[in-house]
Each structure stands twice: as structure tokens, then as C-alpha cells.
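Colleague: This structure is in C-alpha cells; I'll ask about it shortly.
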Amino acid sequence: DHDFLLRIGTEAGIVIVRSPLILGWRWHQQSVTHDLARSVAGCATLLAAETNGEYPGGPECAPQRRGIVTMHARSVSIECAKAGRASDASRIYVATLGWHLLQRRWKYLVAFPFVIGAALLRRRQARA
């Protein structure tokens, strides 16, 4: 999981494969990715750990760590918005706003308010 990888990222003996980009994903019914509430909690754990300086590497590794954290946060916030969980989605967006600005993630920064607005509008129309 991302928290584990961020915690061991600077340990001696870690192999870094720069190319090709490799990602293994174990997909099963009990997976956190199938449970939005657990994904939100996992995202909150990553945000708190990075904010509180719990991950190794210091300031020099912060851009790389925050790239990983914000990648996860974007995915979870968009899924929350689509699921009508505007409060969770907005909380994640606001918590990572500064990091996204530093990373120049303009597409996410500009599009997210529209994604959440469209989701809320669909929800309102479904109730009517």
C-alpha cells in the first residue's frame, strides 16, 4: 500500500526501477478500492502522515512523496464526488490544494469544482 511504500522509500537495500514504470495491484472484493469509505480513510492517513512529517526523506524528498499522495488524493476525491460524497471530496481537495498548485495540476484544480458540481446537480435531479 502507499503508506507502507512511503515509509520504506529511503531505507537501504530498496531497489528502484526507474524504467519501465511498474505497478502491481492486487484486486479482490475485500480490497480498499472496492470500499469508498476505506479509501477516504486511507487518503486521510496519507495526508496526515505527510503533513506531520512521518515519512522519511525530509524536505528533499517531499516533492516525490507529495506526488504519490496527491495522485491517490485525486482519484479518491473524484470517486467521492461521483458518489455524492461532496463533503469528503471537498475535504480532500482543500487539504491538497497547495500541493496541487505546486505541482501545477491545472486540469484537476480547474475541473474538480465542475465534477463535484455536476455530481451534486445529478443527485438533486434524481431526488426531484
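The values are calculated or read from the model by the stated rules, or taken from the named source; none is laboratory data. Treat the numbers as computed from the prediction; the structure is a model and nothing was measured. Cβ sites come from the backbone with ideal geometry, for glycine too, and all protein chains shown count toward neighbours. Note: areas computed on protein heavy atoms with side chains; ligands, DNA, RNA excluded. Shrake-Rupley method; radii C 1.70, N 1.55, O 1.52, S 1.80 Å.
Results for (1) under 28 Å from Arg7 (Cβ atoms); (2) open to solvent by 50 Å² or more (accessible area, probe 1.4 Å); (3) touching a strand residue (DSSP E or B) at 6+ places or on another chain (Cβ under 8 Å), shown as yes or no for each residue.
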site	(1), (2), (3)
Met71	yes, yes, no
Arg91	yes, yes, no
Phe114	no, yes, no
Gly117	no, no, no
Leu121	no, yes, no
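Colleague: Let me ask something additional. For region 50-64, which residues satisfy the criterion of being within 21 Å of Arg38 (Cα to Cα), of a type outside the set (Ser, Thr, Tyr) and in a helix (DSSP H, G or I)?
Modeller: If the condition is that a residue be within 21 Å of Arg38 (Cα to Cα), of a type outside the set (Ser, Thr, Tyr) and in a helix (DSSP H, G or I), then Glu50 is the only one that fits.
Colleague: OK, next. Give me the residue from region 1-24 that is at pLDDT 75 or above and of a type in the set (Asp, Glu) and, out of that set, least open to solvent (accessible area, probe 1.4 Å).
Modeller: Asp3
Colleague: So, in region 82-121, of the ones that are outside any helix (DSSP H, G or I) and more than 28 Å from Cys61 (Cα to Cα), which residue ends up modelled with the lowest pLDDT?
Modeller: Gly84
Colleague: I've got another one for you. Which of the residues spanning region 25-59 are modelled with pLDDT under 80 and open to solvent by less than 50 Å² (accessible area, probe 1.4 Å)?
Modeller: Ser31, the sole residue that qualifies.
Colleague: So, Val69, is that one of a type in the set (A, V, I, L, M) and at pLDDT 95 or above or not?
Modeller: Considered against the rule, which asks whether it is of a type in the set (A, V, I, L, M) and at pLDDT 95 or above, Val69 comes out as yes.
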